[in-house]
1. So, with a 1.4 angstrom probe, what is the percent of accessible area on the chain that is carbon and sulfur?
2. If you count only protein heavy atoms and use a 1.4 Å probe, how large is the accessible surface of L14, to the nearest 10 Å²?
3. Which value, in debye to the nearest 20, describes the size of the charge dipole of the chain about its Cα centre when Lys and Arg Cβ atoms bear +1, Asp and Glu Cβ atoms bear -1, and nothing else is charged?
4. At q = 0.13, 0.16, 0.22, 0.25 Å⁻¹, what log₁₀ I(q)/I(0) does a Debye calculation on the Cα points of the range 24-106 give, no solvent, two decimals?
5. Could you state how much accessible area H108 has, in square angstrom rounded to the nearest 10, with a 1.4 Å probe and all protein chains kept in place?
6. Rounded to whole Å and sorted largest first, what semi-axes of the equivalent ellipsoid does the C-alpha gyration tensor of the chain yield via the square root of 5 times each eigenvalue?
7. Considering the Cα trace of the range 89-155, what is its radius of gyration and what is Dmax, both in angstroms?
8. With a bin width of 10 angstrom, please list the P(r) values of the range 155-226 as percents of all Cα-Cα pairs, from the 0 bin to the one holding the largest distance.
Amino acid sequence: MTARIGVVTFPGSLDDRDTQRAIRLAGAEPVALWHKDKDLKQVDAVVLCGGFSYGDYLRAGAIARFSPVMESVIAQAKSGLPVLGICNGFQILTEAHLLPGGMLGNDHLHFICRDQKLRVENADTAWTADYSAGQEIHIPLKNMDGRYVADQYTLDKLEAEGRVAFRYLDFNPNGSLNDIAGITNEAGNVVGLMPHPEHAVEPLIGTGRTDGLPFFTSILKKLVNA
């Protein structure tokens, strides 16, 4: 049976179609989920895609966190449902307290769009198993509020438990503490990152590489072997 991966669309989402295409290229079936609908349609995993949900009013991800669909996502994530948050999706996951810390405006106060070099720090999550720890990859980055922050206790805990999933290399594009580009929860089923792997799945577009595809093949293998 083909794995079914839901992609949530909020008002202001930009990358839902790109994410659906990446899921399809990996060999799974993308399932469109609407922000007002609590029904997750029995999907095997969920992706919260990039964009500017609700115009980033109040704070990026702050309103989307209270969407009806998020009630189901939060409850099922706590029960083990794999959830990936990309850019705005990462912001929503922190606002929903599925991941610790928070996101602030870039330290240079400008929107940034660039190909970003990353190092894979944790290859043991549901979304990163097709990478190797220490592997260096290039993933497109585009954000205004991408600066990851947390108190020192949380940062120390993330580092000690190996829960930093990705780290910026060569250049910190937004002032994120500890060069953190992405993190995971304790169970490894919830991952959030600011760069956009769905834009690096075909040689013709994005970085010209396919460094983002393993996100989607990782979860597919996880689901098939579950």
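1. Details: 4910 of 9620 Å².
Summing carbon and sulfur atoms, their accessible area is 51 percent of the total for the chain.
2. Roll a 1.4 Å probe over it and L14 shows about 100 Å².
3. Working: 21 positive and 27 negative charges, 85 e Å.
That gives the chain a dipole magnitude of about 400 debye.
4. For the requested q values the scattering log ratios are -0.39, -0.58, -1.07, -1.33.
5. Roll a 1.4 Å probe over it and H108 shows about 60 Å².
6. On the way: eigenvalues 101, 80, 62 Å².
Result for the chain: semi-axes of 22, 20, 18 Å.
7. My reading of the Cα-based Rg and Dmax gives 13.5, 35 Å.
8. With 10 Å bins starting at 0, P(r) equals 18, 41, 33, 8.
The values are calculated or read from the model by the stated rules, or taken from the named source; none is laboratory data. Treat the numbers as computed from the prediction; the structure is a model and nothing was measured. Positions of Cβ are backbone-derived with ideal geometry, glycine not excepted, and every protein chain shown enters the neighbour counts. When the accessible area is computed, the model is the full protein with side chains, heavy atoms only, and any ligands, DNA or RNA have been set aside. Shrake-Rupley method; radii C 1.70, N 1.55, O 1.52, S 1.80 Å.
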